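These notes concern the structure reproduced below.
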Amino acid sequence: MKLIVNDKEVQADVKDTLQRAVIISLLTWGRASESDDYEGSAYGWWGDSLSNIAGDKIGSKLWLLLRQKLTDEVVMQAQEYAEQSLQWLIDDGLCSSIDVSAERDYDTLNLTINILIDNQTTTIKLEDLINGIN
């Protein structure tokens, strides 16, 4: 998986709080709900059970797509999962908007995330995402 911030390929920088928040939100395996189609464990981060705020969960359901054939429907589902996992950044007032787009590049899934903070947009791209969460 490649991480690209504002058109420059970078290594994940744990000192950059925005990059760290996006990576944790997308790549931590969020708990599957009963309505999701999955086999075995529903996974999820154990710390979610300790939250005092109802519905306050960490992670995404992108892991549910690992065994799926990469179709247009899976690309749309990946975009939806990414949007859901990043919504807390808006809810907590850390940014004013987030625009997520997902695209299929032959056999890879790429995400582009535009985050608006104080009228300035930061673009984060994750290329070959499915191989990155595997």
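The values are calculated or read from the model by the stated rules, or taken from the named source; none is laboratory data. Since the model is a prediction, treat every value here as computed from it, not as a measurement. In this analysis, Cβ positions are derived from the backbone assuming ideal geometry, glycine residues included, and neighbour counts consider all displayed protein chains.
Quick notes on this one:
- Qualifying residue in the range 52-62 (condition: under 16 Å from the mean Cα position of the chain (by Cα), touching a residue at least 40 places away in the same chain (Cβ under 8 Å) and surrounded by 18 or more Cβ atoms within 10 Å (Cβ to Cβ)): yes
- Tally of residues being modelled with pLDDT under 95 and under 10 Å from the mean Cα position of the chain (by Cα) across the range 86-120: 0
- Taken over the range 90-120, the criterion of being in a helix (DSSP H, G or I) and either aliphatic (A, V, I, L, M) or under 18 Å from residue 5 (Cβ atoms) (or both) is satisfied by 90 alone.
- When the criteria are applied in full, residue 35 fails the requirement of being touching a helix residue (DSSP H, G or I) at 6+ places or on another chain (Cβ under 9 Å), farther than 14 Å from residue 126 by Cβ, of a type outside the set (Lys, Arg) and exposed (fewer than 15 other Cβ atoms within 10 Å of the Cβ).
- Filtering the range 1-52 to residues that are among the acidic types (Asp, Glu) and either on the phi > 0 side of the Ramachandran plot or touching a Lys or Arg at 6+ places or on another chain (Cβ under 9 Å) (or both) leaves 7, 9, 13, 36, 39, 48.
- For the range 1-29, a residue qualifies if it is exposed (fewer than 13 other Cβ atoms within 10 Å of the Cβ) and either farther than 23 Å from residue 97 by Cβ or modelled with pLDDT under 85 (or both), and the qualifying residues are 6, 7, 8, 9, 11, 14, 15.
- Number of the exception - residue 87 against (1) in a loop (DSSP other than H, G, I, E, B); (2) more than 21 Å from residue 130 (Cβ to Cβ): (1)
- In the range 2-61, the residues that are among the small types (Gly, Ala, Ser) and touching a Gly at 6+ places or on another chain (Cβ under 8 Å): 25, 30, 32, 44, 59, 60
- When residues of the range 90-104 are limited to those that are of a type in the set (D, E, K, R) and without any contact (Cβ under 8 Å) to a residue 12 or more places away in the chain, the one farthest from residue 72 (Cα to Cα): 92
- Residue satisfying condition, being out of contact with any His (no Cβ under 9 Å at 6 or more places or on another chain) and modelled with pLDDT of 95 or more, within set 42, 54, 32, 78: 78
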